[in-house]
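This report concerns only the one structure given below.
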Amino acid sequence: MTNYKGLLTKELRALYPGFTDIELNEMANCLIDFYTTLTEAAIENNEENKEL
């Protein structure tokens, strides 16, 4: 299984070289949480529209 958090942290490390690993991990976690919430909301909205 692909380690998406690790890949994202690696990409963020390249974009933000002055940040610490703790800060980069926090950014990765926030981005993952944001896109997970966004995807769940989109799926829920799609299911509600199908019912109409």
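The values are calculated or read from the model by the stated rules, or taken from the named source; none is laboratory data. Not measured: the values here are computed from a predicted model. Counting neighbours? That spans all protein chains shown, and the Cβs are built from the backbone with ideal geometry, glycine included.
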Look through Leu8, Leu24, Leu31, Leu12 and report the one residue that is in contact with a Ser or Thr (Cβ under 8 Å, 6 or more places away or on another chain), free of Cβ contacts under 8 Å to residues at least 40 places away in the same chain and not charged (D, E, K, R).
-> Leu24
Can you tell me which residues in the chain are touching a Leu at 6+ places or on another chain (Cβ under 8 Å) and of a type in the set (Gly, Ala, Ser)?
-> Ala28
Of the residues in the stretch 11-21, those that are touching a helix residue (DSSP H, G or I) at 6+ places or on another chain (Cβ under 9 Å), assigned to a helix (DSSP H, G or I) and not acidic (Asp, Glu) come to Leu12, Arg13
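Let's see how each residue does on (1) in contact with a strand residue (DSSP E or B) (Cβ under 8 Å, 6 or more places away or on another chain); (2) modelled with pLDDT of 95 or more; (3) assigned to a helix (DSSP H, G or I):
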site: Met1; (1), (2), (3): no, no, no
site: Gly6; (1), (2), (3): no, no, yes
site: Thr9; (1), (2), (3): no, no, yes
site: Glu23; (1), (2), (3): no, yes, yes
site: Ala28; (1), (2), (3): no, no, yes
site: Tyr35; (1), (2), (3): no, yes, yes
site: Thr39; (1), (2), (3): no, yes, yes
site: Glu44; (1), (2), (3): no, no, yes
site: Glu48; (1), (2), (3): no, no, yes
